[in-house]
Amino acid sequence: MIYYEEDREEEEEDYMSDAFINSLQDIRPGIPVPRSIKESYQKEEKHKESNLKNRQKSLKEVEKERRDTVMNVALSNENKGFALLQKMGYKKGQALGKKGDGIVEPIPLNIKTGRSGIGHEEMKKRKAEETLENYRRKIQMRKQAEERAADDFRFRLRSKKEEQKLEGDLRRSQRACLQLDEQKAITCPREAWYWPATNPKEEAAETDEDEDEDEDEVKEDEISTPEKLHILTSYLRGEHFYCIWCGTSYQDEDDMCSNCPGDTSEDHD
């Protein structure tokens with residue numbers, strides 16, 4: 001009897017141990033998977049995702065095609081609204097309204113596909129137009145500024161050339177005046193600037209003295225180069241019948257008036 005109880009206790013212990021072991025999860029390490037197989041699994045998952053996206057996109061396209069097909073089909077008598085219009089005297093292809101001055105085609109259906117609010121597209125379009133207009137305005141302003149700069153440069157260049165030409169004509173007139181006055185035994189010029197400076201040292205000294213003077217103290221009787229040229233050429237024409245632009249001494253005033261084009265450089269161009 002005692003032996004039987006011991007066997008019974010051992011059987012119960014074995015049963016309890018087996019139940020405990022079976023209740024535990026299997027945490028044994030799995031079989032190592034090669035890297036190539038893992039990459040193939042990942043590619044397959046990506047391929048499935050892309051197929052799902054493409055399928056969703058194709059569904060949208062199918063929906064759009066169906067909608068366009070329905071919109072392009074004319075209404076039939078099965079449509080209740082169209083049937084009511086026909087009962088009131090409406091005929092297919094006729095304009096709406098009592099006088100027939102209404103619309104002929106139905107109002108188009110504009111389906112909003114984006115997630116932006118109402119008026120967002122118009123605002124984006126308006127901003128794009130403003131940006132484009134500002135860009136065009138800047139380009140126009142830059143072009144005008146470049147044109148003004150070019151005009152200013154040409155004006156300064158032309159003014160500089162004209163000034164150099166006037167100074168050259170004045171020096172020629174001074175040399176001609178000195179030579180013609182000496183031929184008539186005139187020992188002193190009518191004005192000091194009628195003749196060119198004969199002594200370079202004296203001319204340099206006079207220039208240094210002029211630079212030392214204050215620029216604000218300008219003489220009121222100072223004569224500009226164009227005025228000097230006009231006065232001196234008039235003197236040469238009246239006193240010696242000589243024209244610096246013709247380079248000729250005429251016999252008298254009648255001979256000069258008949259053969260000389262005029263008393264300015266523009267007359268001789």
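Laboratory data are not the source of any read-out in this text; all were calculated from the coordinates shown. This one's a predicted model, so the numbers in the text were calculated from it and none came from an experiment. In this analysis, Cβ positions are derived from the backbone assuming ideal geometry, glycine residues included, and neighbour counts consider all displayed protein chains.
Maximal additional length on extending the ASP101-THR264 stretch stands at 50.8 nm, based on 0.36 nm per residue less the C-alpha distance. In loop segments of the range 82-135 as defined by DSSP, the trypsin sites (Lys or Arg not before Pro) with at most 14 further C-beta atoms inside 10 Å of their C-beta are LYS91, LYS92, LYS98, LYS99, LYS112, ARG115.
Restrict the search to the range 84-152; then list the GluC sites (Glu not before Pro) that DSSP places in a loop and that have at most 11 other Cβ atoms within 10 Å of their Cβ. Counting only loop positions with at most 11 other Cβ atoms within 10 Å, none of the GluC sites (Glu not before Pro) in the range 84-152 qualifies.
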